[in-house]
Amino acid sequence: MTVVALVVRAGLRARWRTWLVLAVLTGLAGGLVTAVAAGARRTDAAYPALVAWSRAPDDLVSIGTGASSSVGASYANVPEAAVSRLPQVTASALIDSYTVLQPSSATVAAPVNDAVPGALWHRKLLAGRLPDARQPDEVDVSFTVAQASPHLQVGDTLPLVLLGAKGEAVRMNLRVVGIDAAPAEFPPQYGPAVDFIWATPAFVQAYGARLLDSPGVAVRLRHGAADVPALQREISRMSGGKFISDYPQGPQAANTEHSIHLQAVALWLLAGVLAVLALLILGQLHARLTAEEQADFGTLRAIGVVPRQLTAAGLVRAALIGGAGAVLALAVAVAVSPVFPVGLAATAEPHPGVDADWSVLSLGAAGVLAATVAVAAWPAWRAAQVPASGLPVAGMYVNRPSRVLAVARSLRSVPAATGIPLALQRGGGRTVVPVRSAIAATAVGVVGLTAALGFSASLGYLLATPRLYGVTWDALISDEEFGTSMAPAARSVATDPLVAAWSGTYAGAPLTVNGTAVGGVTPGPGPDGSLAAAVPLAGRPPSGSGDIVLGQHTLTSLGIRVGQSVSVGLAGQSWHVPFTVTGTAVFPAVADTTELGTGAELTVPGLLRLPPPGTSAPPYNGLVVKFRPGVPLQEGISALTTRIERLGPYAIAGPTTPADLVNFGQLQSLPLLLGLALGLLALLTITQLLLTSVRRRRRDLAVLRALGFTGGQVRATVSWMAVTLAAVALVVGIPIGLLCGREAWGFFTGQLGISDVTRTPVLSFVLLVVAGLALAVAIASVPGISASRIRPADALRAE
């Protein structure tokens, strides 16, 4: 048996309990980190997995057939059979939609046959069952409908007011038999009629003649979203060049995936922080174990064991602990997997429960083994350098004189002059204390907490300032039916005493910029057109008929810069017009392709250039309203709703917070929680270091007592040690944490394409310093009491 094996076996026999505890702690920490990392991947993949499982359609096309159609003359009117025979279409299903007046956020979708949910568009049931196709009064509702009505449950009656065939209100009571989640039902959703209530073919037969319907066809395309432009061109050709009213699912799915991705990013961040915590804690534990073994290394060196062999023994010991921990980590990660995915992804996940992501699990196990060996390598090498003659002599000031000692000796307070050197000097031999690693761990905790405070302050300011995410108005009035004139609503708004300013708007106009689908925002008629404009970010707003402003994401994805020309057209049209990019802006969340850094802004004359010759542009589809100062937002919206809903099928909504911010806002406390976890690590590190110092420097403290220190002075000495450690960590950690927080915030806003407006919570940082020092004094009380009780005779006799 080799020397290394003999040393390892001797260490195992002497300290197997310590090794076992370290292996268990390593396995628990590694398993938790691996589980969170696997959960982040599962969260990211949840919605694409639902789309694949559901066989969701790629586009929903309003075909405008039937005498009851409300689609305006500007839009295509083609038969369902013609759409189904197009070469891009591989499967289709006819669906009738019915306008819901109350609640205006909902729409009733009724499949005409059993193709939905059959050949396509399966729905994941969260509760209950699907409605019986033979029952006209049974429905299942999307989870967003259930969220909007917190008391709605399976078996309840759902009262609705629908728009009749002659424009009258038709009241119905339908029975909810299920709550579902399906592609196209997930946020972000914009405008009215976005929450699905799924009826049955029997509903169409029993009530279809009484209601105003909007027939449509759900289609799956041969090449998915890539075939949507070709489908639009074919339908436009069949209808004589008219505009296409369709809802491609690709942009909405991309927005949903991006929104969920932010939650996955938060989980990756959590996994990283947990990994740092684990490395710092386990690193100190391995350093302590190595320091205990170091007492025997002088003897081993004296009998011929060389430093290389002692270092190898330390690494083999770490590998054994890490290997056992890796096996345990795998079991822990699989056991924790049902907790994930989280948030919106949990609703989307088609196969919840236990999951084994072997790519993450294998990397996690290998990482646990490698990390364990890595954190033990430096302590093992340092310990192996002990001289063959034995250990250095223990003492209070075994290190060389330093500036710290000079400053400490100039203090008038004896406990301060003694405590500061004790806190910052490692000592030697059996009195060695891991000062550097403890200060580093404490500083990391302060950095994390400081960065979290800065990031959370900036996020809170963003969520509380709608202008930063593109909203400058208080309410949006939109039509619930194609072709509905906004003129009656505009006349009412113009005489409303609560309204200070208003403007018409084209919200989410379907544009293509260099062949890419982009939602357009265009101020319409009204006294204050700037109210409907996007919020400028760089450059200048559009002023002429050839100007266009793009979102930062749109600009980047197209690979162009401000000042260059782009080709702009309407979706489904081959007619394109050149425009010059004059700047970038932040866009309000009004459509799947109009949100934050994605979108385009034109002038009205610019928009009128886009329809092909001989084709008229559709009327503007919305009004934005700003209430007078002093009018509460909800009060103004309620009063406006009362006035406007009597004039036609209009929907009134307040400003919409972009789904990316909503979903990340749900995790708004996560950065702060991570920071608090790191702050707790800092306190625990200081506590552990103080306890270790008191235990290993009993001789030094006994000498102080023998020289005349009272119990109170010993306690004050330990308090000064704690204050010194905390002060050094605060001085180092706060500036670095502030910089890290700003960098993280800049990265976050860059991902969203919005202005990088930061907030520095000065008061929070002041409180952090005060609280940090106060807590350091508080946690020093226990080791201080222990130190004051040391009996000099007993401690010195042991020497």
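Summary table
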| quantity | calculated |
| --- | --- |
| Share of carbon and sulfur in the accessible heavy-atom surface of the chain [1.4 Å probe, %] | 62 percent |
| Using θ = phi - 60° and Karplus 6.51 cos²θ - 1.76 cosθ + 1.60, couplings along region 465-475 (whole Hz; Gly, Pro as x) | 10, x, 4, 5, 10, x, 9, 10, 10, 9, 8 |
| Among 303-310, 734-741, the order from most to least packed when residues are scored by Cβ within 10 Å on average | 734-741, 303-310 |
| Cα-Cα P(r), region 727-777, percent of pairs per 5 Å interval | 4, 18, 23, 19, 14, 10, 7, 3, 1, 0 |
| Compactness of region 76-124 as Cα Rg over 2.2 N^0.38 Å, two decimals | 1.37 |
| Amide H partners (placed H, <5 Å) of D58, local residues excluded | V219, R220, L221 |
| Residues with amide H under 5 Å from that of F587, placed H, sequence gap 5 or more | L596, G597, T598 |
| Base-10 log of normalised Debye intensity for region 153-196 (one unit scatterer per alpha-carbon) at q = 0.31, 0.33 Å⁻¹ | -1.02, -1.05 |
| Contact order relative to length of the chain, as percent, for alpha carbon pairs under 8 angstrom and 6 or more apart | 16 percent |
| Cα→Cβ-extended label distance, 7 Å offset, between A82 and S565, nm | 3.6 nm |
| For region 493-498, 3J(HN,Hα) per residue [Karplus equation, 6.51 cos²θ - 1.76 cosθ + 1.60, θ = phi - 60°, Hz, x = Gly/Pro] | 5, 4, 9, 6, x, 8 |
| Burial order of peptide ranges 37-47, 239-249, 348-358 (average beta-carbon count within 10 Å, highest first) | 37-47, 239-249, 348-358 |
| Stretch gain in nm, segment A374-R9, where the contour uses 0.36 nm per residue and the Cα spacing is subtracted | 129.3 nm |
| Estimated FRET transfer efficiency (A538, R134; beta-carbon r; R0 45 Å; 0.05) | 0.15 |
| Cα convex hull of region 193-265 - mean projected area over all directions, nm² | 7.6 nm² |
| Backbone HN-Hα couplings from phi across region 133-149 [Karplus 6.51/-1.76/1.60, Hz, Gly and Pro as x] | 4, 8, 9, x, 9, 9, 9, 10, 10, 6, 5, 5, 5, 5, 5, 6, 10 |
| FRET efficiency, 1/(1 + (r/R0)^6) with R0 60 Å, evaluated for S638 and I736 via beta carbons | 0.75 |
| Simple spin-label estimate for A500 and Q205 in nanometres, 7 Å along Cα-Cβ | 5.7 nm |
| Coarse-grained scattering of region 477-602 at q = 0.13, 0.16, 0.22 Å⁻¹, given as base-10 log I(q)/I(0) from a Debye sum over alpha-carbon atoms | -0.53, -0.77, -1.26 |
| In nm, spacing of pseudo-spin labels at H151 and R237 (7 Å Cα→C-beta vector) | 5.6 nm |
| Those residues of region 625-650 whose amide nitrogen sits under 15 Å from the label point placed on V161, 7 Å along Cα→Cβ | 638-650 |
| Net lengthening on full extension, V762/S557 (0.36 nm per residue, minus Cα-Cα) | 70.0 nm |
| Linear extension gain, F747 paired with A169, 0.36 nm per residue minus alpha-carbon span | 203.1 nm |
| Rg(Cα)/(2.2 N^0.38 Å) for region 188-333, N = residue count | 2.25 |
| P(r) of region 76-183 over all Cα-Cα pairs, binned every 10 Å from zero, in whole percent | 13, 41, 32, 14, 1 |
| Computed accessible area, S337, all protein chains, 1.4 angstrom probe, square angstrom | 10 Å² |
| The chain: calculated mean residue ellipticity at 222 nm from DSSP helix runs of at least 4, using -39500 (n - 2.57) | -16500 deg cm²/dmol |
| 5 angstrom amide H check on L174, placed H, neighbours 5+ away | L158, L160 |
| Cα gyration tensor of region 713-799 - equivalent ellipsoid semi-axes, whole Å, descending | 44, 13, 8 |
| Cα convex hull of the chain, projected area averaged across orientations, nm² | 42.1 nm² |
| Percent of alpha-carbon pairs separated by more than 19 Å within region 551-643 | 57 percent |
| Burial order of peptide ranges 631-642, 715-726 (average beta-carbon count within 10 Å, highest first) | 715-726, 631-642 |
| Alpha-carbon Rg/Rh ratio, for region 217-298, with Rh computed the Kirkwood way | 1.58 |
| Pairwise FRET efficiency - A302 versus V414, Cβ, R0 = 41 Å, nearest 0.05 | 0.50 |
| L12 accessible area, assembled protein chains, probe 1.4 Å, Å² | 80 Å² |
| Taking the convex hull of Cα positions in region 139-251, its mean projected area over all directions (nm²) | 8.9 nm² |
| Alpha carbon convex hull of region 288-388, volume per residue in cubic angstrom | 102 Å³ |
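The values are calculated or read from the model by the stated rules, or taken from the named source; none is laboratory data. Model, not experiment: these values are computed from the prediction. Cβ sites come from the backbone with ideal geometry, for glycine too, and all protein chains shown count toward neighbours. For the accessible areas, the whole protein counts, side chains as well, though only heavy atoms, and no ligand, DNA or RNA atoms are used. Shrake-Rupley method; radii C 1.70, N 1.55, O 1.52, S 1.80 Å.
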